Every structure is written in C-alpha cells, then in structure tokens.
1. In the range A:25-57, how many are in contact (Cβ under 8 Å) with a residue 60 or more places away in the chain, more than 8 Å from chain B (Cβ to nearest Cβ) and among the charged types (D, E, K, R)?
2. For the range A:1-21, what are the residues that are of a type outside the set (Gly, Ala, Ser) and open to solvent by 30 Å² or more (accessible area, probe 1.4 Å)?
3. Considering only residues of the range A:28-87 that are open to solvent by 70 Å² or more (accessible area, probe 1.4 Å) and of a type in the set (S, T, N, Q), which is nearest to the chain's Cα centre (by Cα)?
4. Exactly one condition in (1) surrounded by fewer than 18 Cβ atoms within 10 Å (Cβ to Cβ); (2) away from every other protein chain (no Cβ under 14 Å); (3) of a type in the set (A, V, I, L, M, F, W, C) is false for A:Ile138; which is it?
5. For B:Gly229, which of the numbered conditions (1) closer than 30 Å to B:Cys143 by Cα; (2) part of a loop (DSSP other than H, G, I, E, B) fails to hold?
6. Can you tell me which condition A:Arg129 does not meet? The list is (1) touching a helix residue (DSSP H, G or I) at 6+ places or on another chain (Cβ under 9 Å); (2) in a helix (DSSP H, G or I); (3) more than 18 Å from A:Val24 (Cβ to Cβ), and all the others hold.
7. Has the range B:184-193 got any residue that is in a helix (DSSP H, G or I), modelled with pLDDT of 90 or more, buried (at least 16 other Cβ atoms within 10 Å of the Cβ) and over 19 Å from the mean Cα position of the chain (by Cα)?
8. Return a yes/no flag: does the range A:117-128 have any residue that is closer than 30 Å to A:Gly35 by Cβ, surrounded by fewer than 16 Cβ atoms within 10 Å (Cβ to Cβ) and at pLDDT below 95.
Amino acid sequence: MWLQEISPYTWAAIGTALAIGLSVTGAAWGIFLTGTSLLGAAIKVPRIRAKNLISIIFCEAVAIYGIIMAIIFQGKYSYVENPTAAPLAIFAGFALFWGGVTVGFANLACGVTVGITGSGCALADAQNRTLFVKILVIEIFGSALGLFGVIIGIVMTTSAKFN
Amino acid sequence: MQSNIALFNINDGFAEAIVRGFRKGILGRSEYANLEQCEVLDDIKIHLNSTDYADFLANEPSPLHTVTIAEKCTEKLVSEFTYIRANSAEPLTTFLDYITYGYMIDNIVLLITGTLHERDMKELQEKCHPLGYFDAMTILCACKTINELYDYVLVATPLANYFKASRMSEEDLDEMNIEIIRNTLYKAYLEDFYQYCLSLGGDTAEIMGRILSFEADRRSINITVNSFGTELQKSDRETMFPNFGLLYPEGIQKLAKAEDTEQVAAIVKAYEPYSNLYFDNNDDGERSLVDSFFVKEVKLNELSFEQQMHYGVFYSYIRLREQEIRNIVWIAECVSQKLHDKIKQYIPIFDDRRFS
C-alpha cells in the first residue's frame, strides 16, 4: 500500500512539525485575542495591566508545551537501514506523526480557549476587580486542555524507537 | 469574520475594549445623588469635575447656562465617538457611519427649513448636530434655493439613497410638510440600517435587530399619536411606518386606522413587550408615553453590554450617553429654576449593575 511506501522518517518529521507549528499557532491566536482587549481596556483602567498578563502567560505556556514535545520527538530519531521494511521504524514513524497531531490540535484549541476567556477576563476586571480571580479559574481549566494533549502525546510516543 | 468570537478581536477587539472603558464612566447613583444636592449650576460643574467629564466646563465663564452644559456634554460625546471611529476597521466603520445618518437627517431637515425660510446658512450650520456633519456642508453657503440645495448638497450625502428610496424629488421638498420629509427619510434609514445589521449576522444581528425593531415600533406609535388633531391623512400616515418590527404588519395596519389614543393603547398593549407603556394623557408631568419609551430604550441598551464581541455595544453606548446628557440637562434645569421636587424624574442608567 502507498501508506507503507512512504518513509517513516517523513511521517515522524511531519508529526514533529505539526506539534510545534500548531502549538505556536494556538499560542499566537490566544495572545492576540487577549492582547487587543487588554490594550483597549487598560487605557481607561491602567491597574489591570499587570494582573492580566497572566492570561498572556497561559497562552505562552501552550507554545512551550509544543517546543517540549517537538524536542522529545526529535530525540527519538536514529538511523535505520531500510526504514520502510523495518517494523519498529514503521511504528515509530506513525506514532510520532499521530502524537504530533494530538499535541498540535490540543494546543491549538487550548490557545484559542484561553485567548477568548482572557479577553473576557480583561474586560470584566476593568469593570469589577473581584471578577478577575473567578474568570482566571475558567482559564486554568482551559489551559488544562493543552496539558491533556501533551500527556497523551507522551504516552503515545514513549515506546516509539527507530531501532 | 466579525460574527465569530475567535476572530472578532482581530479587527474590533480594541474598539470594543475602548467602548467598555467609556461605559465605566457613565454616571451612577452616587454621582446623581451629588448632582441632586446642587443649589446652583456652578455646583454641578464642580461635581462633574470629579467624574469622567473632568474639566470640560473649565473655560466657560460663570454664570453658567444649561445650554452651555448641554453643548459641552455633547462635544465630549462627539470626541469619544470620533476616537472610536478613528480606531475602527471595516465593517465596524460602516456600522458607526450608519449611527451618524440619523443625526444627518435631522441636520438636513434643519437646512431645508432654513433654505425655505431664507435663513443665513452660517447660523444654521452652527445649530447642526456635530455627529451629523457631512462633507457637502461646506458648499452650503453657496446655496440659495431648494433646487440648488438638492442638486449640490443633498445628492452628495450618504443619504441620497434615502431620497431615492422615498421617491422624493426637488419639487416634493418644497411642497411636503417638513415633518413628513423627516419621517419618510428616517423610515428609509431605519430599514436600511436594519438590513445592514441582519447582513452582519451573529450576535450583532440579534441584538441590533431587537433594538431597531423597538425603534421602528416607537416611531410608528409616536407618528400615530402625534397625528391626532392634525390634518395628516391616514394614507399618508401609513407610508411613514417602517416595514419591520414587532408591530409589522398587522399592528401597523391597525395603527393606520386608529382614531384616538385609547384605540392606539388597545392595539399596542396586545403585544407583550409593550403592555406596560403609559398612554394616559394627564399633563401633570409625572409619567408620559415619551418617558416610558425612554425607560424601555435604556433597558434594551443596557442589555447589549451583557454580551461580548458584537457591534451592539457601540450603538448602545451612544444612546445611553445621550440619555445621560438628557438627565444632566433635566437636573440642571431643575436646579436653575429651583424646582427641587421634580429633580428625581431622570432615568437612571445601569442602576442595578453598578460595581465599585
């Protein structure tokens, strides 16, 4: 089958790219979602600037998850002579690909979630300072989504070895 | 793009955050309590200095007049609106322009009346509402007749389409009653604005649809009630009702045939949202239909701030600030005429949503 004729290294590399690429997309998306609201709201209510950087930091954490996973994945590459015929290598290629997809999409969703919630948090904090911590709890639940992706990504790829 | 909450902030997040910052400055219960205690207009100036209005009356000579306060409040609103509009992107810019068309209609009606009565154009320009300025106003001074006004000025405004939609030509401007012109133009404007909001989709369509439907119904009811005792024909009356809203189409048809206020009350109260409007005609000034409408308008506009990431907040902010200006003017008038028992008859804004 054509799926088996593609080199496992291709699969692994695409997986690594997706892990870091989609994670950074999610983080960037979240940062601009929160950042625009924070900029506008801080004009009238400057006291919200420092506290609401926490929302930005949560989004940044998503990108860091992506980097960590990409580094773990690329640490598993090693030389195999005939990769399309080596069962271990084939398994490693597929595991790294789908691990990367898992981590990437989980972090993308997490970044968007934390971004939208962070935007609401900045605007609510500007009106009523007691709301900040309450909405932060929602953001914490949102950022747990990225962690789930990372955990499953690690579980999927622990046994992935090229030889 | 603007109807998707994940993408709204790209273009409009900053503008929305600014408007919500302005909303925080709307006067609340404690500020109104301070204003009610004032004995002279200068006290009002001092109390307003500690609100978001800051030093807006700083350069005015005392003694102050209510008219000056009203003008300066409106100036502040206009500068806020200009700031928001400068920081907006499409389609928000078009939406904000639509808000200004209402004021443009009032300005144009003022100009038409002035031209017909041969007033000085410069004087009229100063009486125009600043939110309704349009570029062609600069050519105004050169226009002496209605025909020139129509050919050079009116067709260059964004409202030219409304003249076409209502099939009004230059001859009509001369002959028709000025109020009929105003209401016909406003009907075309409301319908256009409503269609635009629906085309934006999402939360904007839902929230603005609700607010504009109420506007349409309010105008229909007002036109009906105000036409009793005048020589306005019933067929003319019906052409001025907007073609949307809760009262469309059955309520509109019944309103067109109504003969007096009791019939109007019976027609309108059949609709649940309008069941508590106040129709009785006592002139003691305690309550009136106009006030019931203002109260309802304030409630609807407060609600639009409950949701994030839609354009309704921009429209609602302008309306609520206008109500606040009306409140301040009412209090100022009561203070200057020493009518302290009437001073509480303003409409509080965000009364049950105040936070520290």
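The values are calculated or read from the model by the stated rules, or taken from the named source; none is laboratory data. Everything numeric in this text was worked out from a predicted model, so none of it was measured. Ideal geometry is used to build each Cβ from the backbone, glycine not excepted, and the neighbour counts take in all protein chains shown. When the accessible area is computed, the model is the full protein with side chains, heavy atoms only, and any ligands, DNA or RNA have been set aside. Shrake-Rupley method; radii C 1.70, N 1.55, O 1.52, S 1.80 Å.
1. Of the residues in the range A:25-57, 2 are in contact (Cβ under 8 Å) with a residue 60 or more places away in the chain, more than 8 Å from chain B (Cβ to nearest Cβ) and among the charged types (D, E, K, R).
2. Going residue by residue through the range A:1-21, those that are of a type outside the set (Gly, Ala, Ser) are A:1-6, A:8-11, A:14, A:16, A:18, A:20.
Residues satisfying the conditions are A:Met1, A:Trp2, A:Leu3, A:Gln4, A:Glu5, A:Ile6, A:Tyr9, A:Thr10, A:Trp11, A:Ile14, A:Leu18, A:Ile20.
3. Out of the qualifying residues, it is A:Gln74.
4. The single condition A:Ile138 does not satisfy is (2).
5. In the conditions (1) closer than 30 Å to B:Cys143 by Cα; (2) part of a loop (DSSP other than H, G, I, E, B), B:Gly229 misses (1) alone.
6. (2)
7. Among the residues of the range B:184-193, not one is in a helix (DSSP H, G or I), modelled with pLDDT of 90 or more, buried (at least 16 other Cβ atoms within 10 Å of the Cβ) and over 19 Å from the mean Cα position of the chain (by Cα), which makes the answer no.
8. Scanning the range A:117-128 turns up at least one residue that is closer than 30 Å to A:Gly35 by Cβ, surrounded by fewer than 16 Cβ atoms within 10 Å (Cβ to Cβ) and at pLDDT below 95.
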